[in-house]
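Report on the following structure.
The values are calculated or read from the model by the stated rules, or taken from the named source; none is laboratory data. A quick note: this is a predicted structure, and the numbers were derived from the prediction, not measured. Quick reminder, even Gly has a Cβ in these numbers, built from the backbone with ideal geometry, and neighbours come from all protein chains shown. Protein only, heavy atoms only, side chains kept; ligands, DNA and RNA dropped before computing areas. Shrake-Rupley method; radii C 1.70, N 1.55, O 1.52, S 1.80 Å.
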2 protein chains.
Amino acid sequence: MSNPPTIKEIAKKLNISISTVSRALHDHPSIGLRTKMRVQQLAKDLNYEPNQTAIFFQQRKTFTLGVILPELSEAFFSSAISGIEDTANKHKYSVLLGQSHDNEEREKQIVETMKNHRVDGLIISIAKNTVNYDHFEMLKKYNIPIVFFDRIPNLPNIHYVACDMESGTIQAVNFLLKNNHRIIGMINGPEKLFASQQRVEGYIKAMKKYRLKFDPNLMVASDLTREGTETAMQSLLSLRRKPTAIVVFNDYVALDAVQYARHKKLRINKDIVFVSYSNLPLSHYTAFPPLASVEQFPYQQGQKATETLVELLGKSNEQPEATTYYKVILESQLMLNQNK
Amino acid sequence: MSNPPTIKEIAKKLNISISTVSRALHDHPSIGLRTKMRVQQLAKDLNYEPNQTAIFFQQRKTFTLGVILPELSEAFFSSAISGIEDTANKHKYSVLLGQSHDNEEREKQIVETMKNHRVDGLIISIAKNTVNYDHFEMLKKYNIPIVFFDRIPNLPNIHYVACDMESGTIQAVNFLLKNNHRIIGMINGPEKLFASQQRVEGYIKAMKKYRLKFDPNLMVASDLTREGTETAMQSLLSLRRKPTAIVVFNDYVALDAVQYARHKKLRINKDIVFVSYSNLPLSHYTAFPPLASVEQFPYQQGQKATETLVELLGKSNEQPEATTYYKVILESQLMLNQNK
DNA sequence: TTCATGTAAACAAACGATTGCGCGTTTTTT
DNA sequence: AAAAAACGCGCAATCGTTTGTTTACATGAA
């Protein structure tokens, strides 16, 4: 018999019924001590392991969390998935993984796959150009909860975990102002992103506090490609009021921006300084690191998102329709990069 | 009816049998065109999706690959998982993820979980101090194939994908020799690792080719901690024949080694040069990058491992015991880090 | 003795889908 | 026109487990 043992086999060998075996293995009170022991002993001897697929099927629960991320190889997301996996594991959940490659079609398809796999819930950071959210809405009908994190869709009733970029941006701009920069540029990301809007808000608030006027010319957007960033830099550097400091959307963009500045013979941290939002580990090892970075704690975001989802899954059994929506906000934090 | 529709429902509504519905949806030839159409139409209208958990259960196949990696947040592994996910997806497989955190106990427990989930196969890069392989052997009984990659256990009959470090090491040492270095140190990893042994081999072969004698003092090991690396550096730098170049086990170790050297007032790339094995992306952005790195192609390793596993899974249906063991070797390759 | 109570175990349905087999009806063959 | 083949579909078992209900027996009280 090469097949894994089943409770049926145990039942037959002990000449008792299947249900008795099942109950014995679960320490059900209505089973006598004698048979309970005999069953448990034999189960151990046979190396019995319950067939989870059968249980999943029967219980309509898979103890599996679906996770959909844009790009697994990006440091930010790989930290996040690490936090997710750790937390899921702690709560006895497994993680089913998919990467959208920032492609809406693929995202949809993965959602479909995960739904068919009957994951208990989903954790999603959406593709950057997803504009249609039907595939998320649809899951509500199937009672599969979603917790979004970091990249969250613009939808009314959703659960999410995110890092507040406004506070970090305020800290960043404050830091620059304190260091006597007065003309501070910003290279932001796509305007649609909530995170972009928060950066703008933070920037403006910080400036206001110093009673400085907001100059819209200092605010440019990049589509996050190298070319987009170069165009952005170009427009900033060609201003009459040329910035002495630039706050950049993220580390990847910052690397391009720094390179562009160096190409233009600007001395980094002298003629111009950069502050960024960190995605890269070890960015303090880089040759021309941003002076400071706003840390977004991806690992913690992953943790929180998972904890939220697990809690949601626990509750769903109690009151079916007590839907309060979780909005967990982590504070971002400015970190100075001490030069090595 | 909030529950997802089933073929049973379809059958009832159309007043036909369940089996007919099932066959109609699979385009079975024994179903008439008329009913086939009616079924397919209704299925579409009801938004019918087959319950995968039921199918998994019935078919004893989950179309899921288990993946166990030491640390998801490390760049090397996050690239690998990216390759794995992409390839699995292409072949209609899903990915169930676990991270061992280089902990043998945890690794065992994850293997157990994955077995119970009835994954069809496993892709594993083992924890660095796993010495007992029983949990892997055990899977053979359950007919769950494993493909190891990068970090492979010392077992006779296994499938694996790995990067040949010997050739890369030869290239690295050759490169240094051509640049007139004659005293070349090596900071290697734990001796048990196959990858460490390959590095030694490569080093010795390259030296032999140049008819240079192998000086064992130039070969030291680090346990991959900062302290271990510093001890290693110390012993190299205190040699009478002091190396002018050092080949370092990996980028993380290299960062520590470089820092130690700088601390000792050595000028990087002048007094001493480093060559490393790359784990970090963008290492050319770092302040004092190794002159060159041996690339190990983690994404491709992931791809290959997945393709191998998928092939294995396809075959297992044909001839149960035609066990040839796949040993896929990718060539590592030296990449020069052009300074920016 | 008889009826209620309690205990230990068996029975059987259900979860959703697949599939070998069989059976009636129509079509083809001779 | 009768026998054979083809078609179209239903029956029922199966995968492994859980769980509500029932049954058998023993024990105690009335």
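Filter the trypsin sites (Lys or Arg not before Pro) in segment B:44-101 down to the DSSP loop ones having no more than 15 other Cβ atoms within 10 Å, then list what survives.
In loop regions of segment B:44-101 (DSSP not H, G, I, E or B), the sparsely surrounded trypsin sites (Lys or Arg not before Pro) are B:Arg60, B:Lys61, B:Lys92.
Give, as a single signed number, the net charge of other residues whose beta carbon lies under 12 Å from the beta carbon of A:Phe76, with Lys and Arg counted +1 and Asp and Glu -1.
It works out to a net charge of -4.
Express the carbon and sulfur contribution to the solvent-accessible surface of segment B:3-154 as a percent, rounded to the nearest whole number, probe 1.4 angstrom.
Here carbon and sulfur together make up 49 percent of the probe-accessible area.
Please work out which residue of chain B brings its Cβ closest to the axis of the rotation superposing B onto A, and round that distance to whole Å.
Nearest residue, distance rounded to whole Å: B:Ser78, 2.
With the full set of protein chains in place, find how many percent of the accessible area of segment B:164-295 is carbon and sulfur; take the probe as 1.4 Å.
52 percent
Name the long-range amide H neighbours of A:Ser94: under 5 Å, sequence gap of 5 or more, or other chain; modelled H, no Pro or chain starts.
So A:Ser94 has HN proximity to A:Thr64, A:Leu65.
Restricting to DSSP H runs of at least four residues, report the calculated mean residue ellipticity at 222 nm for the protein assembly as shown, -39500 (n - 2.57) per run over all residues, nearest 500 deg cm²/dmol.
Result for the protein assembly as shown, helices only: -13500 deg cm²/dmol.
Quick one: among A:Pro29, A:Pro156, A:Pro216, which has the greatest mean-square fluctuation in a GNM of chain A with alpha-carbon springs under 10 angstrom?
Of A:Pro29, A:Pro156, A:Pro216, the most mobile in the Gaussian network model is A:Pro29.
Using only protein heavy atoms and a 1.4 Å probe, how much accessible area in total is buried between A and B, to the nearest 100 Å²?
4400 Å²
Pick from B:Asn279, B:Asn116, B:Asn154 the residue whose mean-square fluctuation is largest in a GNM of chain B, springs joining Cα atoms under 10 Å.
Fluctuation is largest for B:Asn116.
So for segment B:3-68, averaging the separation of alpha carbon pairs under 8 Å that are six or more residues apart and normalising by length, what relative contact order in percent results?
Here the relative contact order equals 32 percent.
For chain A, what relative contact order do you get, as a whole percent, if you take Cα pairs closer than 8 Å and at least 6 residues apart?
With pairs under 8 Å counted, the relative contact order is 18 percent.
For A:Asn188, which sequence-distant residues (separation of 5 or more, or a different chain) have an amide H within less than 5 Å of its own amide H, given hydrogens modelled in the peptide plane?
Hits under the 5 Å cutoff: A:Val220, A:Ala221, A:Ser222.
What chymotrypsin sites (Phe, Trp or Tyr not before Pro) does segment A:80-158 have in DSSP loop regions with at most 14 other beta carbons within 10 Å?
A:Tyr133, A:Tyr142
Residues of segment B:241-284 with accessible area at least 30 Å² lower in the all-protein-chain context than alone (1.4 Å probe)?
In segment B:241-284, residues shielded by partner chains: B:Leu255, B:Gln259, B:Leu282.
³J(HN,Hα) across segment A:121-129 via Karplus (A = 6.51, B = -1.76, C = 1.60, θ = phi - 60°), whole Hz, x for Gly/Pro?
Along segment A:121-129, the couplings run x, 10, 10, 9, 10, 6, 4, 5, 10 Hz.
Report P(r) for segment B:44-121: all Cα-Cα distances, bin width 10 Å, range 0 to the bin holding the largest distance, values in whole percent.
All Cα pairs considered, the percentages come to 17, 39, 30, 11, 3, 0.
Report the equivalent ellipsoid semi-axes for segment A:7-50 in whole Å, largest first, defined as the square roots of five times the eigenvalues of the gyration tensor built from alpha carbon atoms.
Square roots of five times the eigenvalues give 14, 11, 9 Å.
Once you sort the root eigenvalues of the Cα gyration tensor of the protein assembly as shown as a ≥ b ≥ c, which label holds: rounded (a/c under 1.5), prolate (a/b larger than b/c) or oblate (the other case)?
Oblate shape, in that a/c is at least 1.5 and b/c is the bigger or equal ratio.
Rounded, prolate or oblate: which fits segment B:43-172 when a ≥ b ≥ c are the square roots of the eigenvalues of the alpha-carbon gyration tensor, with rounded for a/c under 1.5 and prolate only if a/b beats b/c?
prolate
Given a Förster distance of 30 angstrom, what is the FRET efficiency for B:Asp215 paired with B:His263, based on the Cβ-Cβ distance and rounded to 0.05?
After rounding to 0.05, the efficiency reads 0.75.
Report the charge-dipole magnitude of chain A in Debye, nearest 20, computed about the Cα centre from +1 at each Lys and Arg Cβ and -1 at each Asp and Glu Cβ.
600 debye
Based on the alpha-carbon gyration tensor of chain A and its eigenvalue square roots a ≥ b ≥ c, which shape applies: rounded if a/c is under 1.5, prolate if not and a/b is larger than b/c, or oblate?
Verdict is prolate for chain A.
Compute from the Cα atoms of segment B:164-295 the Rg and the Dmax, the latter being the longest Cα-Cα distance, and quote both in angstrom.
13.1, 36
Taking θ = phi - 60°, what integer Hz values does the Karplus form 6.51 cos²θ - 1.76 cosθ + 1.60 yield along segment B:29-40, in sequence order, with x for Gly and Pro?
Taking θ as phi minus 60°, the curve returns x, 7, 10, x, 4, 4, 5, 4, 4, 4, 4, 4 Hz for segment B:29-40.
Would you mind working out the accessible area per residue for chain B, using a 1.4 Å probe, and quoting it in Å²?
49 Å²
Sequence gap at least 6, Cα distance under 8 Å: using those rules, report the relative contact order of segment A:165-295 to the nearest whole percent.
25 percent
Say a site is exposed when it is one of the GluC sites (Glu not before Pro), sits in a DSSP loop, and has at most 15 other Cβ atoms within 10 Å; what is then the longest site-free stretch of chain A?
A:1-190
Please state the charge dipole magnitude for the protein assembly as shown, taken about the Cα centre, from unit charges on C-beta atoms (+1 on K and R, -1 on D and E), reported in debye and rounded to the nearest 20.
It works out to roughly 660 debye.
Calculate the FRET efficiency for A:Asn157 and B:Ile18 from the Cβ-Cβ distance with a Förster distance of 35 Å, rounded to the nearest 0.05.
Given R0 = 35 Å and the Cβ-Cβ separation, E is 0.40.
Ignoring everything but the protein chains, give the 1.4 Å probe accessible area of B:Arg38 in square angstrom, nearest 10.
Accessible area, nearest 10 Å²: 110 Å².
Tell me, what HN-Hα J-couplings in whole Hz come from the Karplus equation 6.51 cos²θ - 1.76 cosθ + 1.60 at θ = phi - 60° for each residue of segment B:69-85, using x for Gly and Pro?
Here the 3J(HN,Hα) series is 10, x, 8, 5, 7, 7, 3, 4, 6, 6, 5, 4, 5, 4, x, 5, 4 Hz.
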